[in-house]
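Read the structure below first, then the notes.
The values are calculated or read from the model by the stated rules, or taken from the named source; none is laboratory data. All of these numbers come straight from a predicted model, not from anything done at the bench. Cβ coordinates were reconstructed from backbone atoms using ideal geometry, including for glycine residues, and neighbour counts include every protein chain displayed.
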Amino acid sequence: MSESRPYRRPIDPKWWWAPGPYRAYTLRELSGVAVALYGAVLFAGLICLVSGPMAWDSFLGFLRSPVSIVLHLVLLAGVVYHVKTWFETLPKTMPKMIVNGKQVPATEITRKAQMVAAGCSLVLVVIAAWAFR
């Protein structure tokens, strides 16, 4: 007696790099790695701060190095892309917003959410600049 086996469609091993939504999805998910790496850099700084003045000074020296500056620029680009795509995904994942009997367009939700995030970031930069003056 033969077993029935379901048909399994062949999948290209590079499906994640195909043009269109798969590539956009892959890049968006990979940009999350930039967020995690920047978190690791901040955590390493915190560990150096707790470890004492010599460790903190060596961490600051690393931050001033050209390698660190390039790393931070690459991570900044990844984080900005991640934030941009996250806010573009936001209206697709939430229920429809109805204001005064009309549906709020997805672009307006994205734009306003980005403005709130930019405002909060600006407030944090101002607080940090004031604290470290």
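Observations on the structure shown:
- Leading residue by the ranking (farthest from the chain's Cα centre (by Cα)) among those in segment 1-35 that are of a type in the set (D, E, K, R) and assigned to a loop (DSSP other than H, G, I, E, B): Glu3
- Listed by first and then second residue, the pairs linking a residue in segment 96-124 that is without any contact (Cβ under 8 Å) to a residue 24 or more places away in the chain to a residue that is polar (S, T, N, Q) and outside any loop (DSSP other than H, G, I, E, B), with Cβ atoms under 7 Å apart and 6 or more places separating them unless they lie on different chains, are Lys96/Gln103; Met97/Gln103.
- Test for Leu71: is it under 16 Å from the mean Cα position of the chain (by Cα), surrounded by 12 or more Cβ atoms within 10 Å (Cβ to Cβ), without any contact (Cβ under 8 Å) to a residue 40 or more places away in the chain and part of a helix (DSSP H, G or I): yes
- Taken as a whole, the condition of being under 25 Å from the mean Cα position of the chain (by Cα), under 30 Å from Ala118 (Cβ atoms) and in contact (Cβ under 8 Å) with a residue 60 or more places away in the chain does not apply to Ala44.
- The one condition from (1) outside the structural domain of Arg23 (by TED's automatic domain parsing); (2) closer than 30 Å to Arg23 by Cβ; (3) not hydroxyl-bearing (Ser, Thr, Tyr) that Val123 does not meet is (2).
- The numbered conditions (1) modelled with pLDDT of 95 or more; (2) of a type in the set (S, T, N, Q); (3) in contact with a His (Cβ under 9 Å, 6 or more places away or on another chain) are all true for Ser31 except (1).
- When we screen Ala55, Ala44, Ala24, Ala34 for residues that are surrounded by 10 or more Cβ atoms within 10 Å (Cβ to Cβ) and either in contact with a Ser or Thr (Cβ under 9 Å, 6 or more places away or on another chain) or in the same structural domain as Gln114 (by TED's automatic domain parsing) (or both), the only hit is Ala24.
- Residue check for Ala77: over 30 Å from Gln114 (Cα atoms) and part of a helix (DSSP H, G or I): no
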